[in-house]
1. Could you tell me the largest-minus-smallest coordinate of the C-alpha atoms of segment 15-243 on each of the three principal axes, in descending order and whole angstroms?
2. Of the accessible area of segment 15-243, with the probe set at 1.4 angstrom, what percent is carbon plus sulfur?
3. In deg cm²/dmol, rounded to 500, what helix-only [θ] at 222 nm does the chain give when every DSSP H run of at least 4 residues adds -39500 (n - 2.57) and the total is split over its residues?
4. Roughly how many Å² is the accessible area per residue of the chain, as a whole number, for a 1.4 Å probe?
5. Could you tell me how far the Cα centroid of segment 29-68 sits from the Cα centroid of segment 113-130, in Å?
6. Over segment 15-243, what is the relative contact order in whole percent, taking alpha-carbon pairs under 8 Å and six or more residues apart?
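The values are calculated or read from the model by the stated rules, or taken from the named source; none is laboratory data. The shown structure was predicted, so the numbers you read here are calculated from the model rather than taken from an experiment. For accessibility, only protein heavy atoms count, side chains too; no ligands or nucleic acids. Shrake-Rupley method; radii C 1.70, N 1.55, O 1.52, S 1.80 Å.
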Amino acid sequence: MSTPLLRAANGRFDTEVLHRHWIPLARADDDTAAVLRERLGVDFPAAGERPWETGDFRYLPVTANYRSAEAVTRETIVFALGADFLVTLQPSERFLPFDGAAMKMRRDPALTGSPHGVMYALLWALNEASELVGHGVTAALDADRAEIDAATRDTDLGETISRLNATERTISRTLDTQLQLSRAARHLGAEIPSGAADLDAAIRLLGADVDGVRQQAEYAHNTVRYLQQSVLTWLSYSRRRSWRGR
């Protein structure tokens, strides 16, 4: 049922303390889902993968992008935030971005003291994962730009076009993720109890970081569109020149 978390060597990070407020629910674990529905009223099927609110829980889906080996993987996490518990509907296998959240909570054990603190750490980790995807996109675009700049009449740019199209899809998905993260952070900020000034400040900073990653993705999106147009212009010019030489 639970996402694997490592215990800190100094003993400050206690997974039992963490799970007093956070219940990771594997997507395939129907038995635990039934128990949570009966005991806490957490009903993910009723919520679906859309923002939804009941008397006890606010449901917020976030579709995350993260690097897994050499590929970009996409998974939807649904947060159910209540006054005492945060329940996350997530993949049955190990969800790599949440390892980063565990490290952050290890550094700041106070985050494990409330469902709001845990959710902040999880959203922070998802934003970090988006930022890493963005770094990979930037490196790929730099390589494609160099290839286009070095293009000659005889260069086959078909593979470059395919890569640019795939990169554009990744960027578009990242932009969608950042919108969902921004919405989740806003709702989280509205739910934190009074007196949690440090957490409130951290959530505001997270919102700014989410927006920063969004801006980077928008810049990358403009870049990939420019490169796509450059390739099409070059191919059109090359075809015209080839036709005239006949």
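1. Rounded to whole Å, the extents work out to 74, 37, 28 Å.
2. Taking all protein chains in place, segment 15-243 shows 50 percent carbon and sulfur surface.
3. Rounded to the nearest 500, the figure is -20500 deg cm²/dmol.
4. The answer is 53 Å² per residue.
5. Here the two parts' Cα centres lie 16 Å apart.
6. The value is 19 percent.
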